[in-house]
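Peer 1: This is the structure I want to talk about, given as structure tokens.
The values are calculated or read from the model by the stated rules, or taken from the named source; none is laboratory data. The structure presented is a predicted model; accordingly, all values stated were derived computationally and were not measured. As a convention, Cβ positions derive from the backbone with ideal geometry for all residues, glycine included, and neighbour counts pool all protein chains shown. Please note that ligands, DNA and RNA were not included when accessible areas were found on the heavy atoms of the full protein model with its side chains. Shrake-Rupley method; radii C 1.70, N 1.55, O 1.52, S 1.80 Å.
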Amino acid sequence: MTEQPILEALSICKQFGDVRVLNNISLKLGRGTVHALLGENGAGKSTLVKCIMGYYRPDDGQLLFEGREAQIVSPEQATALGIGMVYQHFTLIPNMSIAENIVLSRPNLPAVINWPAEISQLEQRMGEMPFQFELRRSINSLSAGEKQKVEIIKQLLLNAKVLILDEPTSVLTPTEADEVLDKIYQLTRDGKLSVLIITHKFREVMKYADDVTVLRKGEYIGSAKVADVDPEKLAKMMVGEETLTQAPSRASHKNRRCVVQIDKLTVNNEQGLAAISNLDLELYAGEIIGIAGVSGNGQKQLTEVLGGQRAPLSGQLRVNGQAFGASRREMVEHQFYCLPEEPLRNACVANLSVADNIALRKFDSPAFTSMKWIVKRKAIRDFALDLIQQYKIRTAGPEQNIGALSGGNVQRAVLARELAQALSVLVVSNPCFGLDFKAVADIRARLLEARNQGTAVLLLSEDLDEILELSDRFFVISGGQLVYQTTPQEADLQTIGRYMGGH
Amino acid sequence: MLKTVEIWCLSLGALLLSMLLIAAFIFTTGNSPSEVFHSLYRGAFGSWFSWQNTLVRAAPLMLTALCTALPARVGLIVIGGEGAMVVGGLTAAITGIAIQDAPSFMVMSAMMIVGGGCAGLWILAVGALRHYRNVNETISSLLLNYIAIAVLNFLVVGVLKDPATLNNPSTYSIGEKNMITSIGDSSVHWGLVYGLVVCLAMWFVARRTTFGFAADVTGGNIRAARLVGLPVAKIVLLSCFLGGAAAGLAGVIEIAAIQGRANSSLNAGYGYAGILVAFLARHNPLAIIPYALLLGGIQASGGLLQRAHDLPDATVAVFQGIIFMMILSSEMLYGRIKFLQPKSMIS
Ligand SMILES: Nc1ncnc2c1ncn2[C@@H]1O[C@H](COP(=O)(O)OP(=O)(O)OP(=O)(O)O)[C@@H](O)[C@H]1O
Ligand SMILES: [Mg+2]
């Protein structure tokens, strides 16, 4: 690459409190290339790109944009320069239209906005965009995949020359991910766009990226041309010589005991439409049942009902033969635990400490209380310290708010909480979202371990590979109904694909 | 630990800044800020006499502040302390009048149970409307204030009116023997001790009990609370009930320690000032105590400021408003000041 890079970060350092998150990180993004940024959970990837965006202020280091030094102190300024970012979490304003969202994020907005002119201008430019949208649609009505596409065209319409994507595909199905990345890849080929993408998926790196940079625990490990590396080499760069957790082999259980019976379950979604209708399902001890399907086919509502976050419209849920209403007492009595996706939204309290969040299931159990009512803070802390070490959660300490952890570390903390007890039923939804491959191996091993111990596991996942690897048998969910059942051994990908797409 | 240091530093900083703004305000009225501050201090804490005045005002503030602070811990912004205090005082007065010949110990207990209980139910209704019907709790509690005051006015000029009270219509008296006495030979009554004890008890409940923990979880993220099976409805309703009962107790004290009968002194603004105290204390029941003293002191000095410096009687409200704004703005700074952040322990 003789040409000058469009964006260059030199020796960036960043500290939070006295935790060093970035230590002398440098990165060169070539014009018209796709550059992948790899690293374990908590390696500092999001922090690095937030420093580039002016969202955080680096303690030390320099940024060069188009060869000139740039002092970026705010995201607005980055936008004005032509650097746009799609964050790990959605940033669209839900009850506004697509057009409003795009116009409002423009820097130097005039005090009075001429909406008709703005909209017609946007409409004219819509033709050049990789994805087409009706600009007046409200964000509320979009699916996760569509939102991600809107986030991207928003940046393009703001004239981004550099697009930074933080784990853009973790909310997408593999097909959607390919569609989005294909389009973005095409845009970079004529040199108008350069992309810096954070991802945990080697497949995406190998297929779409030109260059790759690897971070490990805040240190710069190296950069390379993708053509010169293979996934194995990348994995080694990411984690060093550490070995992956080996998945235990499947123990076979002699007597099949039915633990959970779901009978004619019907659930409505927020709009009052049927999300799940007449669903029957039985879970057996020592078996992992998978539910595969495209997101938005009722998986969310099913997890919510099982987790006690939503009341079903009709139908019955029985655990060990007794009706189950998801109260705390019943959960403890039947050892029935549920872990939904998006842990920060669904499963923990962002402004409480890591320790408190880890104790959420147990703070009122005898081991953590004296005289039944009084919480033993020290016991909670010790318990959390233990799990933080066991599950390698990267945190400044048990007192840190869980909201300040990296995405993958939040997931680990919550998984630690759910798996750290005797389990007889476990419902998990997309447990490996946003985790690096080492953590994925670790978590999958733990799920199999639980199964071998006799836990009935229900695994809802949009990642078909995960279902094929973990489940004993699985269903395809489509339109709120289980439309197909098979086992990983007999599975035929084409048939499954047909059922996932709604026959 | 460091979190507490951060709270202290930021609160003190905000108070200092508000003193500067208050000084600027005093300056515009043509007075010398240092003299006014001196009078403020004398009127609030300068002598045993002014201390007594401050303490008497701080007692109900501690209790009405809890009416905002406790529901706030489960995520509800309730501003119904004024109404709850009226309900508590009014029902307590009715009880006291009805059984005034019983032993005074029994009259007192009955007044506290009925007054606290009714006011608790009053705010519990706010929580129930919010929880089951999604009615905005701030608006409903505000409107309930007006209803409570209207009922009070209706009764004190109507069926409950003691004809002997002409220019300040009031109910009949609960009887001299049933009143709360003063502490020693001061003018401070035992109601102050009730306020202190209730604040301390609520602090213990919030910090150390499973209920307090569950309330923090519910307030922080109700979806997570449901996921771990916490009885969310019960927690929300009980928090509202406790808050209402505390404000109701303030009403009982106003009746039993000061007025001896229910009248418009029940809605003299303690409920609204309590909102301020709760926010200053960041809804921490222990921190409510010093802030109630501070606000009680500012109010106590109002008279002296008027007499000595010819300041309008709204001055005290301006001071309170400035402090309120500064403390609320300081919220923004939490987690942003480097040397106040927790140090790492493991990596
Ligand atoms: N605002 C903050 N305050 C304190 N610590 C923080 C803050 N933001 C991030 N950290 C810490 O910095 C480290 C790096 O976080 P970062 O979000 O950059 O990780 P990441 O590489 O994006 O990981 P993931 O793959 O899990 O998203 C983490 O250990 C995290 O706890
Ligand atoms: Mg990240």
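Peer 1: Once the Cβ-Cβ distance between A:ARG68 and B:THR28 is put in as r, and R0 is 56 Å, what FRET efficiency do you end up with, to the nearest 0.05?
Peer 2: After rounding, the FRET efficiency stands at 0.70.
Peer 1: May I ask for the distance between the Cα centers of the stretch B:85-104 and the stretch B:162-202, given as a whole number of Å?
Peer 2: Each part's Cα centre sits 12 Å from the other's.
Peer 1: Just to confirm, what accessible area per residue do you get for chain A at 1.4 Å probe, in whole Å²?
Peer 2: 43
Peer 1: What are the semi-axes of the equivalent ellipsoid of the stretch B:1-153, taken as the square roots of 5 times the eigenvalues of the Cα gyration tensor, listed largest first and rounded to whole Å?
Peer 2: For the stretch B:1-153, the semi-axes come out at 36, 24, 16 Å.
Peer 1: Go ahead and run the numbers for FRET between B:TYR334 and A:ASP18, Cβ-Cβ distance against an R0 of 25 Å, rounding to 0.05. It would help to have the intermediate numbers written out before the result.
Peer 2: Values: r = 18 Å, r/R0 = 0.74.
Result of the calculation: an efficiency of 0.85.
Peer 1: Only sites in a loop by DSSP and with at most 12 other Cβ atoms within 10 Å count here; which trypsin sites (Lys or Arg not before Pro) in the stretch A:102-139 make the cut?
Peer 2: A:ARG136
Peer 1: Could you tell me which chymotrypsin sites (Phe, Trp or Tyr not before Pro) in the stretch A:352-408 are loop residues by DSSP with no more than 14 other beta carbons within 10 angstrom of their beta carbon?
Peer 2: Loop-located and lightly packed - A:TRP373.
Peer 1: Got a sec? Which residues of the stretch A:368-406 lose 50 Å² or more of accessible surface with every protein chain in place, vs. that chain alone, 1.4 Å probe?
Peer 2: A:TRP373, A:ILE374, A:VAL375, A:ARG377, A:ALA396
Peer 1: Taking 10 °C and 1.306 mPa s as the conditions, I'd like the Stokes-Einstein D for the stretch A:393-479 in µm²/s, using the Kirkwood hydrodynamic radius from alpha carbon pairs.
Peer 2: 113
Peer 1: Quick one: check the C-alpha center-to-center distance for the stretch B:53-72 versus the stretch A:125-159, whole angstrom.
Peer 2: 51
Peer 1: With the crude spin-label approximation of a point 7 Å out along Cα→Cβ, what separation in nm comes out for A:TRP115 versus A:GLN77?
Peer 2: 3.3
Peer 1: Compute the distribution of all C-alpha to C-alpha distances in the protein assembly as shown, in bins of 10 Å from 0, and list the percent of pairs in each, rounded to whole numbers.
Peer 2: Histogram of Cα-Cα distances, whole percents per bin: 2, 11, 18, 20, 19, 14, 9, 5, 1, 0, 0.
Peer 1: Round to the nearest 0.05 the FRET efficiency obtained for A:LEU493 and A:CYS258 when R0 = 30 Å and r is the Cβ-Cβ distance.
Peer 2: On the way: r = 30 Å, r/R0 = 0.99.
For A:LEU493 and A:CYS258, the calculated efficiency is 0.50.
Peer 1: Long-range amide H contacts for B:THR209: which residues qualify at under 5 Å (H placed 1.01 Å from N, peptide plane, sequence gap of 5 or more or a different chain)?
Peer 2: For B:THR209, the qualifying residues are A:VAL375.
Peer 1: Pairs A:LYS183/A:LYS392; A:LYS254/A:LYS300; A:LYS225/A:LYS392; A:LYS147/A:LYS233; A:LYS28/A:LYS438; A:LYS183/A:LYS225: which are spaced more than 28 Å apart, C-alpha to C-alpha?
Peer 2: A:LYS183/A:LYS392; A:LYS254/A:LYS300; A:LYS225/A:LYS392; A:LYS147/A:LYS233
Peer 1: Same structure, new question: Where in the stretch A:344-382 are there trypsin sites (Lys or Arg not before Pro) that are in a DSSP coil and have at most 11 other Cβ atoms within 10 angstrom of their Cβ?
Peer 2: A:LYS372
Peer 1: Another question, if that's okay. List the residues of the stretch A:1-47 that lose 40 Å² or more of accessible area once all protein chains are present, compared with their chain alone (1.4 Å probe, heavy atoms only, no ligands or nucleic acids).
Peer 2: Residues of the stretch A:1-47 that lose at least 40 Å² of accessible area once the other chains are added: A:GLY17, A:ASP18.
Peer 1: Still on this model: Rg and Dmax of the stretch B:169-267, using alpha carbons, in Å: what are they?
Peer 2: Using the Cα atoms of the stretch B:169-267, the pair Rg, Dmax is 18.3, 56 Å.
Peer 1: Would you mind telling me the antiparallel percentage of the DSSP bridges in chain A, rounded to 5? The partial results should precede the final answer.
Peer 2: Values: 43 of 81 bridges.
Approximately 55 percent, going by the DSSP bridge assignments.
Peer 1: Oh, and also: Heavy atoms only, probe 1.4 Å: what % of the accessible area of the stretch A:343-416 goes to carbon and sulfur, would you let me know?
Peer 2: Roughly 59 percent of what the probe reaches on the stretch A:343-416 is carbon or sulfur.
Peer 1: Using just the helices of chain B, give the 222 nm mean residue ellipticity in deg cm²/dmol: DSSP H runs with n ≥ 4 each add -39,500 (n - 2.57), and the total is spread over all residues, rounded to 500. Let's see the in-between values first.
Peer 2: Working: 14 runs with 239 residues, N = 347.
Per the formula, -23000 deg cm²/dmol.
Peer 1: Among the residues of the stretch B:220-269, which ones have their accessible area go down by 10 Å² or more when all the protein chains sit together, as opposed to their chain alone (1.4 Å probe)?
Peer 2: Residues meeting the cut-off: B:GLY220, B:ASN221, B:ARG223, B:ALA224, B:ARG226, B:LEU227, B:VAL228, B:GLY229, B:LEU230.
Peer 1: Computed on protein heavy atoms with a 1.4 Å probe, what is the summed buried accessible area for the chain pair B and A, in Å² to the nearest 100?
Peer 2: Details: alone 16730 and 22890 Å², together 36730 Å².
Using a 1.4 Å probe, the pair buries roughly 2900 Å².
Peer 1: Could I ask something else about it? Per residue, how large is the accessible surface of chain B? Use a 1.4 angstrom probe and give square angstrom. Write out the running numbers ahead of the final one.
Peer 2: Numbers: 15170 Å² over 347 residues.
Accessible area per residue, chain B: 44 Å².
Peer 1: Show me, for the stretch B:193-206, the HN-Hα J-couplings you get by feeding each phi into the Karplus relation (A = 6.51, B = -1.76, C = 1.60, θ = phi - 60°), rounded to Hz, glycine and proline as x.
Peer 2: Couplings: 5, 4, x, 4, 4, 5, 4, 4, 4, 5, 5, 4, 4, 5 Hz.
Peer 1: Tell me, rounded to the nearest percent, the portion of alpha carbon pairs in the stretch A:343-416 spaced more than 13 Å apart.
Peer 2: Taking all Cα-Cα pairs of the stretch A:343-416, the fraction more than 13 Å apart is 60 percent.
Peer 1: Separation of the stretch A:193-256 and the stretch A:431-476 by C-alpha centroid, Å?
Peer 2: About 19 Å separates the Cα centre of the stretch A:193-256 from the one of the stretch A:431-476.
Peer 1: Rounded to a whole number, what is D in µm²/s for the stretch B:101-198 from Stokes-Einstein with the Kirkwood radius over alpha-carbon pairs (10 °C, 1.306 mPa s)? Provide the component values of the computation, followed by the final result.
Peer 2: Numbers: Rh = 16.4 Å.
Translational diffusion coefficient: 97 µm²/s.
Peer 1: Any chance you could tell me what percent of the C-alpha pair distances in chain B go past 40 Å?
Peer 2: 15
Peer 1: Considering the alpha-carbon set of the stretch A:7-239 alone, what are its Rg and its Dmax in angstrom?
Peer 2: 17.6, 55
Peer 1: Continuing with this model, one more query. Can you work out the Karplus-derived ³J(HN,Hα) for every residue in the stretch A:249-263? Use 6.51 cos²θ - 1.76 cosθ + 1.60 with θ = phi - 60°, whole Hz, and x for glycine or proline.
Peer 2: Going residue by residue, I get 7, 6, 7, 9, 10, 6, 9, 7, 10, 6, 9, 10, 10, 10, 10 Hz, with x marking Gly and Pro.
Peer 1: How big is the convex hull of the Cα atoms of chain A, per residue, in Å³? Let's see the in-between values first.
Peer 2: Working: hull volume 85.2 nm³, N = 503.
So the per-residue hull volume is 169 Å³.
Peer 1: Kindly write out, for the stretch A:286-298 in residue order, the coupling ³J(HN,Hα) from the Karplus curve 6.51 cos²θ - 1.76 cosθ + 1.60 (θ = phi - 60°), rounded to whole Hz, with x marking Gly and Pro.
Peer 2: Per-residue couplings from phi come out as x, 9, 9, 9, x, 10, 9, x, 6, 4, x, 10, x Hz.
Peer 1: Report, in deg cm²/dmol and to the nearest 500, the calculated mean residue ellipticity at 222 nm for chain A, where each DSSP H run with n ≥ 4 adds -39500 (n - 2.57) and the sum is divided by the residue count.
Peer 2: Numbers: 17 runs with 162 residues, N = 503.
Mean residue ellipticity, 222 nm, calculated: -9500 deg cm²/dmol.
Peer 1: Could you check how much of the accessible area of the stretch A:7-239 is carbon and sulfur, as a whole percent, using a 1.4 Å probe?
Peer 2: Ligands and nucleic acids excluded, carbon and sulfur give 50 percent.
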